[in-house]
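Comments concern the structure below.
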Amino acid sequence: MTTLRIGLVSDYFRAGVAEGAAAYGRAHGVEIDPRWFVRGDWMGDHPAWNAVIAEVVNMPTLADRVLALNLPTVLMAPLAQAPAGFPVVTADFRACGALAFEELASLGARSLAVLRTSPRDIDHECCDGFIDAAHAHGRRVIDPEPARKLAETVATAAHFNERVSAFADILEEMPRPVGVFLAHAGLTYSLQMELKRRGFRVPEDYAMVVIQKDVQGTAEMAPVPITTVDPDSWQQGYFAAQLLHDQLRGERPDASVHRIPPAGITRRDSTGCPLVKDPGVAKVVHLIRERFASDLKVDELARLAAVGRRSLEERFRKEMHQSIHEALTRRRMDEARKLLRSTPLGIALVAEACGYSSVHYFTTAFKRETGTSPAAYRAAAGKGRA
């Protein structure tokens, strides 16, 4: 039996999309080829694929090459030159904006504001979702006309600092404290620097939320780390691969736009939720987040953090109010719940994907954490979606 192969092509890399598609591939025996998902312009002319997942934002020539492959295709962003009939899988950016409103509204900010940063649909959909959610709760949102005017064009490198300064001018006129929402983390990073230069504070004067959509870690490494809405790129990739697999098995392609709801909020200092300050503990938190699927042990984490085990355990508990083992288990259980809710992976594969070498150990840990078995949890989640 010939193995089906789905290629990934992008000029706008999102690791979650590749990881979600790969998870679907592993569960269904479909090969996922990610070779040109970072540098789509390097794609060969005859990549030997049966179908393709494409996210092309800034390179029209690459979009033309993808379409010229004449393969079943799912787009992760609409293409102006694409003929009718291509399914599109994207984030539900209106829902992302609504989630950002909920976060900022919970802080009790005197003013709520959106800053539109470009003419792209993502900016306007996010901001409109924020405003609609606010109005539904009887809250007014400042959607300043000067910012809307600036957003009619994309900021060029030559005028980027001017735009940042203009946005700071706009914010300075608002009654503080302000809860402000932007889609663009890079611009928000620069805006923080300008506000600080003017003597303002984040989050005391300006609390901030953005959409998590870059791979540079901009939000995490901002002067005041920025709270983000997670648009669930993983689920987008998984669903895109599923659509293509269905099509390759003879089903008629669903040419509609499929909007995936956000996965949640990651709270950071910009809304008053501080990050880990101890560098050794911060290193371990990062390792748990990124390597939970491997056979992590406390001794190995201590070695990688260059901290003695006993000292690390004491410092971790002091800062995180839980043990390293508890933090690792919770990260694995979060992933397990997601996989059980949104994929058909067998329990053994879910256990492996979450860092458990034994289904028995995984099932025991899952039941201890959730009060139910993995199979029962999946069944209940399925009934909830029905």
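Only one residue in ILE32, ILE53 is in contact (Cβ under 8 Å) with a residue 12 or more places away in the chain, of a type outside the set (Asp, Glu), over 27 Å from ASP121 (Cα atoms) and surrounded by 19 or more Cβ atoms within 10 Å (Cβ to Cβ), so which one is that?
Going through ILE32, ILE53 in turn, just one is in contact (Cβ under 8 Å) with a residue 12 or more places away in the chain, of a type outside the set (Asp, Glu), over 27 Å from ASP121 (Cα atoms) and surrounded by 19 or more Cβ atoms within 10 Å (Cβ to Cβ): ILE32.
For segment 162-179, name all the residues that are closer than 16 Å to SER118 by Cβ and in contact (Cβ under 8 Å) with a residue 24 or more places away in the chain.
ARG163, VAL164, PHE167, ILE170, listed by residue number.
Let me spell it out: the conditions are (1) more than 25 Å from the chain's Cα centre (by Cα); (2) more than 28 Å from TYR12 (Cα to Cα); (3) among the aliphatic types (A, V, I, L, M), and ALA82 meets all of them except one. Which number is the exception?
Of everything listed in (1) more than 25 Å from the chain's Cα centre (by Cα); (2) more than 28 Å from TYR12 (Cα to Cα); (3) among the aliphatic types (A, V, I, L, M), ALA82 misses just condition (2).
Pull up segment 76-101, narrow it to residues that are over 20 Å from GLN236 (Cβ atoms) and touching a residue at least 60 places away in the same chain (Cβ under 8 Å), then point me to the one that is surrounded by the most Cβ atoms within 10 Å (Cβ to Cβ).
PHE101
Could you check how many residues of segment 168-202 are in contact with a Leu (Cβ under 9 Å, 6 or more places away or on another chain) and within 19 Å of ARG110 (Cα to Cα)?
14
Given the criteria touching a residue at least 60 places away in the same chain (Cβ under 8 Å) and under 30 Å from HIS28 (Cβ atoms), does THR343 qualify?
Criteria met by THR343.
Among (1) closer than 17 Å to ASP214 by Cα; (2) in contact with a Leu (Cβ under 7 Å, 6 or more places away or on another chain); (3) among the β-branched types (Val, Ile, Thr), which single condition is ILE32 missing?
(1)
Within segment 55-68, can one find any residue that is in contact with a Ser or Thr (Cβ under 6 Å, 6 or more places away or on another chain) and not basic (Lys, Arg)?
There is at least one residue in segment 55-68 that is in contact with a Ser or Thr (Cβ under 6 Å, 6 or more places away or on another chain) and not basic (Lys, Arg).
Counting only residues that are under 28 Å from GLU220 (Cα atoms), give me the helices (runs of 4 or more DSSP H) lying completely in segment 285-386 with at least 3 of them.
298-305, 309-320, 324-342
If you take the residues of segment 245-294 that are closer than 24 Å to GLN192 by Cβ and of a type in the set (A, V, I, L, M), which of them is surrounded by the fewest Cβ atoms within 10 Å (Cβ to Cβ)?
LEU275
Restricting attention to segment 332-386, which residues are crowded, with 16+ Cβ neighbours inside 10 Å and β-branched (Val, Ile, Thr)?
If the condition is that a residue be crowded, with 16+ Cβ neighbours inside 10 Å and β-branched (Val, Ile, Thr), then THR343, ILE347, VAL350, VAL359, THR363 are the ones that fit.
So, in segment 104-133, of the ones that are assigned to a helix (DSSP H, G or I) and aliphatic (A, V, I, L, M), which residue ends up least open to solvent (accessible area, probe 1.4 Å)?
LEU104
Among residues belonging to segment 4-29 that are open to solvent by 10 Å² or more (accessible area, probe 1.4 Å) and among the hydrophobic types (A, V, I, L, M, F, W, C), point out the one that is nearest to LEU339 (Cα to Cα).
Among them, the one singled out is ALA27.
Can you find a residue that is closer than 23 Å to PRO72 by Cα and at pLDDT 90 or above anywhere in segment 216-231?
No.
The values are calculated or read from the model by the stated rules, or taken from the named source; none is laboratory data. Given the structure is predicted, the values throughout are model-derived calculations rather than measurements. Quick reminder, even Gly has a Cβ in these numbers, built from the backbone with ideal geometry, and neighbours come from all protein chains shown. With ligands, DNA and RNA removed, areas are computed over all heavy atoms of the protein, side chains included. Shrake-Rupley method; radii C 1.70, N 1.55, O 1.52, S 1.80 Å.
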